[in-house]
Amino acid sequence: MQNVYDVLNERGYIEQATAEEEIRELLGQESVSFYIGFDPTADSLHVGHFIQVMVMMHMQKAGHRPIALLGGGTAMVGDPSGKSDMRKMLTEEQIEKNAQSFKKQFSKFIEFGKDKALMVNNGDWLLGLNYIEFLRTIGVHFNVNRMLSAECFKNRMETGLTFLEFNYMIMQAYDFLELYRKHNCKLQLGGNDQWSNIIAGAELVRKVEAKPAYGLTFRLLTTSEGKKMGKTESGALWLDANKTPPYDFYQYWRNVDDRDVENCLALLTFLPMEEVYRLGALEGSSINKAKETLAYEVTKMVHGEQEAEKAQTAARALFTKDSESEDIPFTSISRKQLEEGIDIVSVLLETGLASSKSEGRRLIQQGGIYVDENRVDDAEFIFGLDTLQDGKILIRKGKKTYHQIRLHG
C-alpha cells in the first residue's frame with residue numbers, strides 16, 4: 001500500500017517537514033493521530049481551509065486519525081501570522097456560533113465517531129488556565145529572542161505586535177502538548193504560514209514529555225503568479241452555500257487560469273494523478289474540458305452531486321447561448337419598471353454587478369458591460385420592454401460574470 005506521505009508529496013501538498021524521513025517512516029508503520037487547528041473567526045470555512053480538509057481526507061483514507069481542533073480559545077486572541085494588523089476581537093458567543101457552523105461543515109468531509117476522527121475545542125483547556133501556573137510550567141520553555149525571529153512575528157514588528165498576540169504561539173504549542181497527552185497525537189499539520197507555530201508545538205512536546213513529535217506544512221492555494229486563490233469580487237469563496245451559492249462556486253473553478261488547472265486538480269480532487277496530468281496537458285479550447293471536470297469535482301465534494309449537476313447545466317447553458325436554466329443568477333424586473341424605462345447603471349446596481357453607480361459608470365466606460373453579447377458604450381442606455389427577448393436577457397460583466405434579467409408582472 002502506498003505511503004500517504006508519498007501521495008501528498010506527489011499531489012503537491014507538502015511544503016515543509018520537521019523531519020521528513022522520520023515522518024514518512026512513522027506514517028508507514030502505524031495509524032497516526034494528527035491534528036489541524038481551525039480558528040472559528042467566521043461563520044463558515046472558506047476554500048483556503050479546503051486544502052487542509054483535503055489533506056485530512058487523504059490521511060483518513062490511508063488509515064490515520066484526524067483531530068479537527070476548533071480554536072475556541074485561540075480565536076479569543078487571534079493569530080498574527082500573515083496579518084499586517086491585529087485581528088478583530090470576537091465575543092465568546094460569536095466564536096461558539098462559528099464553531100458550531102464549522103462542526104456541521106467538517107462532518108460532510110470527515111468521518112467522526114468511535115475509532116474515527118475526533119473534533120475537539122481548545123477552549124476546553126485554554127479558557128480555564130491559571131496564568132501564573134501556565135507561565136511557570138509552559139512559558140519557561142520559550143525563548144523570547146527566538147520567538148521574535150519567527151516569521152509570524154517578524155512581519156508585525158514594524159507596525160506593532162501586541163502582547164495579546166505574542167501569546168498565540170505559546171497557546172498553539174500548548175494545544176499540541178494537550179493533544180499528545182490526551183490522544184497520543186504525534187503530528188501537527190497546517191498551512192505554510194503556520195510553520196513557526198508548528199515548530200514551537202513539536203519542540204514543546206519534546207521538552208516536556210521527552211517524546212518525538214512532528215510538524216508538516218502544506219502549500220497555500222495560490223495561482224501560478226503566487227497570488228492567493230479563493231478571492232472573488234464579493235469576498236472570500238465560502239463553503240457555505242448561503243454565502244457562496246453553488247453556481248458561483250462552480251463558476252469560480254470553471255474560470256481559473258489555464259496555468260492553474262493541473263495544480264487545482266491535484267490539490268482539490270481525488271482524481272488519479274494520471275488523469276490530472278492528462279487533463280492538465282490539454283491545450284487551446286480543449287482545456288475547457290479540464291476546467292469543467294475541476295469545477296464539477298470540487299462542487300460535488302462541497303455541495304453534493306445534485307448541486308454540481310445543476311451548476312454545470314447552468315454554466316453550459318451560458319456557453320451555448322441557451323439561457324433557460326433556472327440556476328443562472330437572475331433578477332426580476334417588473335413590467336411597470338420596464339414600461340417606464342430603467343437605465344443600465346440602475347440595473348447593474350440592482351443585480352449586484354456593480355456596488356455603486358460610479359462603479360457601474362466606470363465599468364461601462366471601460367467596455368466591460370455587455371447586453372446580449374453587445375457591448376454597452378452609453379451609461380444612459382435604457383432597458384425597456386423591447387430590450388428583453390421572450391421576457392429575458394443576459395448581461396455580461398467582463399469575460400466571465402453573467403446575470404439574467406427576467407420580466408415579471
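The values are calculated or read from the model by the stated rules, or taken from the named source; none is laboratory data. Please read these numbers as outputs of a predicted model, since none were measured by experiment. Backbone-built Cβ (ideal geometry, glycine too); neighbour counts: all protein chains shown.
Candidates 173, 210: the one that is in the same structural domain as residue 65 (by TED's automatic domain parsing) and at positive phi is 210. May I ask you to verify whether residue 103 is touching a residue at least 24 places away in the same chain (Cβ under 8 Å) and either among the charged types (D, E, K, R) or in a helix (DSSP H, G or I) (or both)? Spelling it out, residue 103 is indeed touching a residue at least 24 places away in the same chain (Cβ under 8 Å) and either among the charged types (D, E, K, R) or in a helix (DSSP H, G or I) (or both). Does residue 81 satisfy the criteria of being closer than 23 Å to residue 173 by Cα, among the hydroxyl-bearing types (Ser, Thr, Tyr), assigned by TED's automatic domain parsing to the domain that holds residue 99 and at pLDDT 95 or above? Criteria not met by residue 81. Residues in the range 201-211 include at least one that is in contact with a strand residue (DSSP E or B) (Cβ under 6 Å, 6 or more places away or on another chain) and either under 22 Å from residue 34 (Cβ atoms) or surrounded by 13 or more Cβ atoms within 10 Å (Cβ to Cβ) (or both).
Are any of the residues in the range 229-250 in a loop (DSSP other than H, G, I, E, B), at positive phi, of a type outside the set (S, T, N, Q) and touching a strand residue (DSSP E or B) at 6+ places or on another chain (Cβ under 9 Å)?
There is at least one residue in the range 229-250 that is in a loop (DSSP other than H, G, I, E, B), at positive phi, of a type outside the set (S, T, N, Q) and touching a strand residue (DSSP E or B) at 6+ places or on another chain (Cβ under 9 Å).
Return yes when residue 30 is out of contact with any helix residue (DSSP H, G or I) (no Cβ under 7 Å at 6 or more places or on another chain) and free of Cβ contacts under 8 Å to residues at least 40 places away in the same chain and no when it is not.
yes
Looking at the range 300-308, is at least one residue closer than 25 Å to residue 398 by Cβ, β-branched (Val, Ile, Thr) and at pLDDT below 90? Within the range 300-308, not a single residue is closer than 25 Å to residue 398 by Cβ, β-branched (Val, Ile, Thr) and at pLDDT below 90.
Residue count for the range 116-140 satisfying the condition of being part of a loop (DSSP other than H, G, I, E, B) and either touching a helix residue (DSSP H, G or I) at 6+ places or on another chain (Cβ under 6 Å) or free of Cβ contacts under 8 Å to residues at least 40 places away in the same chain (or both): 5. Checking the stated criteria, residue 294 turns out not to satisfy the condition of being under 23 Å from residue 191 (Cα atoms), in a helix (DSSP H, G or I) and touching a Gly at 6+ places or on another chain (Cβ under 7 Å). For the range 251-270, filtered to residues that are outside any helix (DSSP H, G or I) and hydrophobic (A, V, I, L, M, F, W, C), the residue that is nearest to residue 9 (Cα to Cα) is 270.
As an exercise: evaluate residue 220 against (1) surrounded by fewer than 17 Cβ atoms within 10 Å (Cβ to Cβ); (2) in contact with a Ser or Thr (Cβ under 9 Å, 6 or more places away or on another chain); (3) within 30 Å of residue 310 (Cα to Cα); (4) touching a residue at least 24 places away in the same chain (Cβ under 8 Å) and give the number of the one condition it does not meet. Here residue 220 meets the rest and fails (2). Checking each residue in the range 179-191 for being surrounded by 17 or more Cβ atoms within 10 Å (Cβ to Cβ) and either in contact with a Phe, Trp or Tyr (Cβ under 9 Å, 6 or more places away or on another chain) or closer than 28 Å to residue 245 by Cβ (or both) picks out 179, 185, 186, 187, 188, 189, 190, 191. Among the residues of the range 350-380, those that are outside any strand (DSSP E or B), touching a helix residue (DSSP H, G or I) at 6+ places or on another chain (Cβ under 8 Å) and of a type in the set (Val, Ile, Thr) comprise 364, 376.
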